[in-house]
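Structure, as structure tokens:
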Amino acid sequence: MIWKPHTTVAAIVEQDGRFLLVEEETADGIRLNQPAGHVENGESLLEAVVREAREETAYRFTPQSLLGIYHWRHPLKDITYLRFAFIGHVDDHQPGLPLDDGIIRAIWMTPDEIRASQARHRSPQVLTCVEHYLAGQRFPLNVITHL
């Protein structure tokens, strides 16, 4: 058996001091996460993050830079995630679009609200990405090559 990490993408969006998150139903209860999900077969990382953001928030996401690449092993499951987090902006909100299964709603939260809600985070990647964003971490999109 060949081990493979789950490749995921996440959209990091800050607007007027608030970050775009989603509230979602999971096996562990209702959790908070950035708009995020798995890369599908045949998709580039950028295509995946644009699709996931639209499906989970009904906003159009435009990636502007790479925040970072995050390697996390779930402590209770035999799953390792390799998350590519992208910074960008959103527009073209389509509130009539149905959201992905399990997504309750998209919400905007301040950094302090995000820090205070850590017990409800889907993973430690949620706060780590916010803190890295606030620290000014950015990489150009051209560090990623899709062949």
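If contacts are Cα pairs under 8 angstrom and at least 6 residues apart, what is the relative contact order of region 1-41 in percent?
Working: 44 pairs, mean separation 17.6, N = 41.
Answer for region 1-41 is 43 percent.
If the viscosity is 1.567 mPa s and the temperature 4 °C, what Stokes-Einstein diffusion coefficient in µm²/s follows for region 77-145 when Rh is the Kirkwood radius over Cα pairs? Present the calculation step by step, with values, prior to reporting the outcome.
Details: Rh = 15.0 Å.
This corresponds to a translational diffusion coefficient of 87 µm²/s.
Can you give the accessible area per residue of region 27-88, in Å², using a 1.4 Å probe? Show your work: numbers first, answer last.
Values: 2870 Å² over 62 residues.
Ligands and nucleic acids excluded, the figure is 46 Å² per residue.
Using Cα pairs under 8 angstrom and six or more residues apart, how large is the relative contact order of region 59-119, in percent? Walk me through the numbers on the way to the answer.
Details: 60 pairs, mean separation 19.6, N = 61.
That works out to 32 percent.
Which value in nm describes the separation of the simple spin-label points at I2 and T80, placed 7 Å from the Cα toward the beta carbon?
1.5
Let me check against my output: what whole-number percent is the relative contact order of the chain, with C-alpha pairs under 8 Å and at least 6 apart?
Values: 285 pairs, mean separation 45.1, N = 147.
Relative contact order, the chain: 31 percent.
With +1 on the Cβ of every Lys and Arg and -1 on the Cβ of every Asp and Glu, and nothing else charged, how large is the dipole of region 1-146 about its Cα centre, in debye rounded to the nearest 20? Please report the intermediate quantities before stating the final value.
On the way: 14 positive and 20 negative charges, 92 e Å.
Around 440 debye, computed over region 1-146.
What's the Kirkwood radius of region 29-87 in Å, using all Cα pairs? Before the final figure, lay out the partial values.
On the way: mean 1/r = 0.0792 Å⁻¹.
After inverting the pairwise mean of 1/r, the radius is 12.6 Å.
Based on the alpha-carbon gyration tensor of the chain and its eigenvalue square roots a ≥ b ≥ c, which shape applies: rounded if a/c is under 1.5, prolate if not and a/b is larger than b/c, or oblate?
rounded
So, in Å, what gap is there between the alpha-carbon centers of region 102-128 and region 68-92?
13
The values are calculated or read from the model by the stated rules, or taken from the named source; none is laboratory data. This is a predicted model, so every value here is computed, not measured. Using ideal geometry, Cβ is built from the backbone for each residue, glycine included, and neighbour counts are taken over all protein chains shown. Heads up: the accessible areas ignore ligands, DNA and RNA and are worked out on the full protein's heavy atoms, side chains in. Shrake-Rupley method; radii C 1.70, N 1.55, O 1.52, S 1.80 Å.
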